[in-house]
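J.: Take a look at the following structure, please.
Read-outs: derived from the displayed coordinates by stated rules, not from any lab. What you see is a predicted model; the values in this text were computed from it and never measured. Positions of Cβ are backbone-derived with ideal geometry, glycine not excepted, and every protein chain shown enters the neighbour counts.
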Amino acid sequence: MSNLPPGEKRDPPPIDLAEVSRLIAAMQTDLAGVKNGSRSVEALRAEVVALSQSLGAGTTPVGPEDLHRVRGLLKDATDEVEVDALKAAAYVTQLGRILGLS
């Protein structure tokens, strides 16, 4: 329960920029191994690079809206990868049946 008067919003917690930097670095490493071609993956890559440059330069503050944008792009890319994985799993299952493996 909040002690704030009705209609007032609590200030968001401060962003731990060191943790964001670690996360962005980890995402860059992981994205380096993802195949090219997907628009959502490419958009995610571009956003991660832009955030990394902002964090490195220290000139543009990184705010919650930036992290929400990356989260949305990551979800889009994940949804796309899951669909591809499900398609691949269906093919693998079908080939296994054809080969008498299941």
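J.: With r defined as the distance between the Cβ atoms of SER54 and THR93 and R0 fixed at 35 Å, what FRET efficiency is calculated, to the nearest 0.05?
T.: Result of the calculation: an efficiency of 0.20.
J.: If the reach is capped at under 30 angstrom between alpha carbons, list the lysines near LYS87, excluding any in the same chain fewer than eight residues apart.
T.: Correct list for LYS87: LYS35, LYS75.
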